[in-house]
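Encoded as structure tokens, the structure appears first; notes follow it.
Only the coordinates and a few stated rules stand behind these numbers; no lab work does. All values reported here derive from a predicted model rather than from experimental measurement. Here the Cβ positions follow ideal geometry from the backbone for every residue, glycine too, while neighbour counts run over all protein chains shown.
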Amino acid sequence: MARKRRVRGSSRKRSGSKFLPILLLLLIIGAGVFAYFSPMFEKVPPKIIAPNLISANDKSPIKFTITDNKSIKSCKVILSSNGKEFTIYSQNFLLPSKKKDIEVKLPNEIANSKIKNWVLTIIARDSSLWGFFLGNKATKQAKLIVDNTPPEVNLIAQSPSILKGGSALIIFNAKDNNLKNVYVDVGNGVKFKPIKYKKNGVYATLIAWPFNMDNFNPTIVAVDSANNITKHQLHLNRIYKKYKVSKIRASDRFINGKITELAQSDSDYANIKDKIERFKAVNELMRKKNEDYIHKMSSKVTPFSGKWSIKPFHPLRRAKQVSDFGTKRYYYYGSPDNIISTSYHVGFDLASVKHDNLYSSNNAIVVSTKNNGIYGNIPMLDHGFGLYTLYGHCSSILVKKGEKVHAGEVIAKTGQSGLALGDHVHFGILVQGVEVYPLEWMKKDWIKKHITDIFNKADKIIGYN
Ligand SMILES: [Zn+2]
């Protein structure tokens, strides 16, 4: 009995102090719950956005991005290979930020090292107090290749010459383990995109010498993933051509007729009161808008398999040429030296009888049948390999957008829609969005010498007949 009482007695004694550990426990749980739900202790790790394979060299840094829902605290980048390890970047960020674009320059000892393959480890932490106040951690590993070797470019075959305003064919080889981009730059930012041709590493493209460009300098440019660049200048025999100039009277009848009709068809120019301003707007601004559309619709390069062959274009039978390509037109009002506007004529005008048949001389896909301002109703055809034809001022179009057209098919009828005074066709040819001298593509001999023979020559060299 006495023992029992003692037990009871001791338990009675402790009952006051028993409260303290419970309180402490509650406090700890409370703090834990607070921490668990507090934004200061958030648990979402940062995100590291980097490719799995990175090519770099001493000129081209390693680039990646870190994001976090709250704030990024630090970042560390380690390179390792065969037991060797280098910390090439370590940074604590003082200002809070949810996104960091990081560029890490490769140290010279690594850029010039014999070891080309490394494991790249990126470690990022956020500013959360979670993880014993260290923050949430994210790790990303990637393969890093030190690449100091620029792509190898070799010419295989090219057209014997190029006319100012004309076209040429270029076939070449571009080799690199990580080729990123390849194009032919002819100057002034005009670029042509080649397509893969028959054999691995072989590329082909049509190029154009824009008719109003003086500093034509065609160069094959190849860029790899580490931004090593190879520029291969093309030594193409250049044939200069002087394009005509012509003076055209802008009569009141013309301005009050066609020009006003066109201005009224477009809300951008419909309210121009002054007739000279109206003429300028149609001849320059509206023309630019219409030509921008044409360039856009003809800029894509549709690849082909097997052989790309083209027959001479003859859109209109019994045709008479009424206006030349590349002519600079000066429009005067009243006195011949009162020039009010200028423009370039970037097609070949052919006339026959009224509403005559227009033929596509080659297979094609119809890319546009839109009424296009000064060009009127204008079917545009894609013949593949970046070559397009267009037929302006039609009275009617007999094909639909997206439709396949076969060589010899009638596609439209001549007319005088748009900025045309008599019934004719404005026949235009474009290479990747650049207007070219149509006469070349209308001659059998030129096509053989500058296109067909070049493909055949290249096929022999690459051993692909
Ligand atoms: Zn024309």
On full extension of the chain, what length is gained from ARG253 through PHE304, given 0.36 nm per residue of separation minus the C-alpha to C-alpha distance?
13.5 nm
Would you work out which of TYR243, VAL282, ILE170 lies farthest towards the positive end of the dipole of segment 142-285? Charges go on Cβ: Lys and Arg +1, Asp and Glu -1.
TYR243
Which longest run of the chain has no exposed loop site in it, a site being chymotrypsin sites (Phe, Trp or Tyr not before Pro) in a DSSP loop with at most 10 other beta carbons within 10 Å, and the site itself not part of the run?
241-465
Please turn the phi angles of segment 61-75 into ³J(HN,Hα) values with the Karplus equation 6.51 cos²θ - 1.76 cosθ + 1.60 (θ = phi - 60°), one per residue in order, whole Hz, x for glycine and proline.
x, 7, 10, 7, 10, 10, 10, 8, 5, 10, 7, 8, 9, 8, 8
Distance in nm between ASN112 and LYS175 label points, each 7 Å along Cα→Cβ, equals 2.8
Share antiparallel - DSSP beta bridges, the chain, percent rounded to 5:
90
Of LYS73/LYS143; LYS288/LYS370; LYS258/LYS280; LYS296/LYS400; LYS198/LYS457; LYS241/LYS449, which ones are farther than 21 Å apart at the Cα?
LYS73/LYS143
Using θ = phi - 60° and the Karplus relation 6.51 cos²θ - 1.76 cosθ + 1.60, list the HN-Hα couplings for segment 449-460 in order, rounded to whole Hz, with x at every Gly or Pro.
5, 9, 10, 4, 4, 6, 4, 4, 5, 5, 4, 5
Assuming R0 = 45 Å, can you tell me the calculated FRET efficiency for the pair GLU403 and SER335, based on Cβ-Cβ distance, to the nearest 0.05?
0.35
Per residue convex hull volume, Cα atoms of segment 41-146, in Å³:
93
Report, in degrees rounded to the nearest 10, the 0 to 90 angle that the Cα long axis of helix 2-14 makes with the longest principal axis of the chain.
40
Computed magnitude of the charge dipole of the chain (debye, nearest 20; Cβ of K, R +1, Cβ of D, E -1):
3160
Counting Lys and Arg as +1 and Asp and Glu as -1, each charge on the Cβ, what is the dipole of segment 348-440 about the Cα centre in debye, to the nearest 20?
320
17 Å tail of the calculated P(r), segment 152-241, as % of Cα pairs
44
Pairing the Cα long axis of helix 19-37 with the longest principal axis of the chain, what angle in degrees results, from 0 to 90 and rounded to the nearest 10?
10
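At 0.36 nm per residue, minus the direct Cα-Cα distance, what do LYS448 and LEU421 gain on full extension? Give it in nm, one decimal, please.
Length gained, LYS448 through LEU421: 6.1 nm.
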Compute the Rg/Rh shape ratio of the chain: radius of gyration over Kirkwood radius, all on alpha-carbon atoms.
1.26
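Count the DSSP beta bridges whose two residues both fall in segment 245-439, then state the antiparallel fraction as a percent rounded to the nearest 5.
DSSP beta bridges in segment 245-439 are roughly 90 percent antiparallel.
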